[in-house]
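Chemist: Here it is, the structure, as structure tokens.
The values are calculated or read from the model by the stated rules, or taken from the named source; none is laboratory data. Note that the structure is a prediction, hence the values are computed from the model and not measured. Here the Cβ positions follow ideal geometry from the backbone for every residue, glycine too, while neighbour counts run over all protein chains shown. For accessibility, only protein heavy atoms count, side chains too; no ligands or nucleic acids. Shrake-Rupley method; radii C 1.70, N 1.55, O 1.52, S 1.80 Å.
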Amino acid sequence: MKLVFAGTPEVAVPALDALIASDRHEVAAVVTRPDAPAGRGRRLVASPVAERAEEAGIEVLKPVRPRDEDFLARLREISPDCCPVVAYGALLPKVALDVPARGWVNLHFSLLPAWRGAAPVQHAVMAGDEVTGASTFLIEEGLDSGPVYGVLTEEVRPTDTSGDLLTRLAFAGAGLLAATMDGIEDGTLHAVPQPVEGVTLAPKISVEDAQVQWSAPALRVDRVVRGCTPAPGAWTLFRGERLKLVHAVPVLDRTDLAPGELSVGKNNVYAGTGSHAVELLWVQPQGKKPMRAADWARGVRIAHGELLGL
């Protein structure tokens with residue numbers, strides 16, 4: 001099939017690579033979000049998908065809105081058979097959905113209908129799911145509600161951050177998306193409607209959602225830290241400034257600390273929760289790089305009984 005691939009962040013690149021490598025399909029063009037400011041200089045930078053497509057000599061389309069007439073005219077000109085999508089980052093209007101004969105097929109990082117929305121992997125980690133996965137489905141106008149072509153499952157490991165899990169799903173999902181394109185092309189794969197039961201939503205995680213509540217159990221604190229790593233980053237307040245929590249682990253045999261209370265040893269930093277303590281391993285003070293929590297604690301000279309979260 002002639003394909004137009006839509007995607008933006010690094011997590012979409014493995015799927016683009018898999019389709020470029022396929023000897024059954026042609027990636028005629030790539031659709032991605034416009035260049036965005038990045039870094040200290042805030043200069044405009046192309047998306048990872050745009051950079052990979054340019055390296056491969058593939059035409060790159062960067063509409064401000066997918067309903068822009070110039071973009072739609074070019075899409076009709078290319079006349080793709082199918083448009084595979086991975087984390088494109090913009091809602092596709094019906095006028096765009098109607099262009100490819102076999103529709104737009106999304107690779108979504110959950111077992112639909114669970115975790116429909118922008119942050120399925122983060123929500124799966126924060127909810128304590130033991131198994132998640134990826135699904136390919138035909139995009140409709142509803143939110144991730146279209147019929148499903150294929151799925152794969154992936155274990156959520158006890159120490160997984162959302163970044164760890166998303167990386168594994170990106171590479172496994174690339175194979176699923178390529179196989180889905182093959183099945184659509186040869187007529188062996190047919191989309192099946194999603195069940196009406198089991199729908200859960202996964203909206204974007206805000207900075208406010210990532211604030212650690214020390215009155216919660218240690219298990220919840222652990223899930224929030226892992227689910228919000230690397231983005232947006234779990235955080236708390238210390239002496240009125242934000243402190244990012246990069247890596248923390250529950251400590252089952254420490255129950256003597258009040259919620260948020262800090263305890264500092266020679267090489268360890270503990271914080272109390274609503275149940276047992278967590279050990280802070282890596283933190284990032286405001287305006288600084290990540291550092292070992294023990295080094296941070298020595299530098300700020302934590303007083304006896306000092307609290308996080310105030």
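Chemist: Restricting to Cα atoms and excluding each atom paired with itself, what does the Kirkwood estimate give for the range 59-193 in Å?
Modeler: One decimal place: 15.7 Å for the Kirkwood radius.
Chemist: Expected output is a single nm value to one decimal: the length gained when fully extending between A56 and E130, i.e. 0.36 nm times separation in residues minus the C-alpha distance. What is it?
Modeler: 22.9 nm
Chemist: Further question: Might you work out the accessible area of H25 for me, using a 1.4 Å probe with all protein chains in place, and round it to the nearest 10 Å²?
Modeler: 20 Å²
Chemist: Take the alpha-carbon centre of the range 1-35, take the same for the range 220-242, and report the distance between them in whole Å.
Modeler: That distance is 34 Å.
Chemist: Can you send over the solvent-accessible area of L310, 1.4 Å probe, protein chains only, in Å² to the nearest 10?
Modeler: 140 Å²
Chemist: In vacuo Debye scattering of the range 116-157, one point per C-alpha: log10 I(q)/I(0) at q = 0.14, 0.34 Å⁻¹?
Modeler: Rounded to two decimals, the profile gives -0.36, -1.13.
Chemist: For V60, enumerate residues with amide H under 5 Å from its amide H, sequence gap 5+ or separate chain, H modeled in the peptide plane.
Modeler: V30
Chemist: Let me ask you something else. Applying 1/(1 + (r/R0)^6) with R0 = 22 Å to the Cβ-Cβ distance of R242 and N268, what FRET efficiency is obtained, to the nearest 0.05?
Modeler: Working: r = 22 Å, r/R0 = 1.02.
Efficiency computed from Cβ-Cβ geometry: 0.45.
Chemist: Moving on to the next point. With θ set to phi - 60°, apply the Karplus curve 6.51 cos²θ - 1.76 cosθ + 1.60 along the range 71-76 and write out the HN-Hα couplings as whole Hz, x wherever there is a Gly or Pro.
Modeler: For the range 71-76, the Karplus-derived couplings read 5, 4, 5, 5, 4, 5 Hz, x marking Gly and Pro.
Chemist: Here's a follow-up. Got the relative contact order for the chain handy, in percent, Cα pairs under 8 Å and 6 or more residues apart?
Modeler: Dividing the mean separation by the residue count of the chain yields 13 percent.
Chemist: Now a separate question. Between D186 and V300, what is the label-point separation in nm under the 7 Å Cα-to-beta-carbon projection?
Modeler: Distance between the two pseudo-spin positions: 5.9 nm.
Chemist: Show me, for the range 126-132, the HN-Hα J-couplings you get by feeding each phi into the Karplus relation (A = 6.51, B = -1.76, C = 1.60, θ = phi - 60°), rounded to Hz, glycine and proline as x.
Modeler: Result, ordered by residue: 5, 7, x, 4, 8, 9, 9 Hz.
Chemist: Something else now. In the P(r) worked out for the range 162-215, what percent of Cα pairs fall beyond 17 Å? Each step should come with its number before you reach the end.
Modeler: Numbers: 966 of 1431 pairs.
In whole percent, the long-distance tail amounts to 68.
Chemist: Let me check I've understood the local charge: for A53, count other residues with C-beta under 11 angstrom from its C-beta, Lys and Arg +1, Asp and Glu -1. What total comes out?
Modeler: -3
Chemist: Could you calculate the contour length gain from A36 to E208, that is, 0.36 nm times the residue separation minus the distance between their Cα atoms, to one decimal place in nm?
Modeler: So the extension gain works out to 59.6 nm.
Chemist: How compact is the range 137-178 by the rule of thumb for globular proteins, expressed as Cα Rg over 2.2 N^0.38 Å?
Modeler: Here the Cα radius of gyration is 1.38 times the empirical estimate.
Chemist: Next up: Would you mind checking the radius of gyration and Dmax of the range 168-276 based on alpha-carbon positions, in Å?
Modeler: My reading of the Cα-based Rg and Dmax gives 20.8, 64 Å.
Chemist: Okay, moving on. Please state the equivalent ellipsoid semi-axes for the range 113-233: what are the square roots of 5 times the Cα gyration tensor eigenvalues, largest first, in whole Å?
Modeler: Working from the Cα gyration tensor, I get semi-axes of 30, 15, 11 Å.
Chemist: Long-range amide H contacts for A258: which residues qualify at under 5 Å (H placed 1.01 Å from N, peptide plane, sequence gap of 5 or more or a different chain)?
Modeler: Distant-sequence amide H within range of A258: zero hits.
Chemist: While we're here: Pull up all non-local amide H partners of A114: gap of 5 or more, or a different chain, and H-to-H distance under 5 Å with H placed in the peptide plane.
Modeler: Correct list: T200.
Chemist: Per residue, how much accessible area does the chain have with a 1.4 Å probe, in Å²?
Modeler: Heavy-atom SASA per residue in the chain reads 48 Å².
Chemist: Sorted by average packing, counted as other Cβ atoms within 10 angstrom per residue and highest first, what order do 67-75, 15-23, 223-231, 205-213 take?
Modeler: Output ranking for 67-75, 15-23, 223-231, 205-213: 223-231, 15-23, 205-213, 67-75.
Chemist: Provide Y149, Y88 ordered by accessible surface of protein heavy atoms (probe 1.4 Å), highest first. Intermediate values should be presented prior to the final figure.
Modeler: On the way: Y149 40, Y88 10 Å².
Sorted by accessible area, descending: Y149, Y88.
Chemist: Could you derive backbone 3J(HN,Hα) for the range 101-117 from the dihedral phi with the Karplus parameters 6.51, -1.76 and 1.60 (θ = phi - 60°), listing whole Hz in sequence and x where the residue is Gly or Pro?
Modeler: Each residue of the range 101-117 in turn: 4, 10, x, 9, 10, 9, 9, 10, 8, 7, 8, 4, x, 6, 6, 6, x Hz.
Chemist: Let me ask another. Along its three principal axes, how long is the range 213-310 when you only count alpha carbons? Whole Å, largest extent first please.
Modeler: Its Cα atoms span 32, 29, 23 Å along the three principal axes.
Chemist: Additional query: Mind ranking K288, K204 by accessible surface for me, highest first, 1.4 Å probe? Intermediate values should be presented prior to the final figure.
Modeler: Details: K288 125, K204 165 Å².
Reading off the accessible areas and sorting them downward yields K204, K288.
Chemist: Heavy atoms only, 1.4 Å probe, whole protein assembly: order V86, V196, V11 by accessible area, highest first. The partial results should precede the final answer.
Modeler: Working: V86 0, V196 120, V11 30 Å².
Largest to smallest exposure gives the sequence V196, V11, V86.
Chemist: A further question on this structure: Averaged over every viewing direction, what's the projected area of the C-alpha convex hull for the chain? Give it in nm², one decimal, please.
Modeler: Averaged projected hull area, Cα only: 17.6 nm².
Chemist: How large, in percent, is the carbon and sulfur part of the accessible surface of the chain at a probe radius of 1.4 Å?
Modeler: 53 percent
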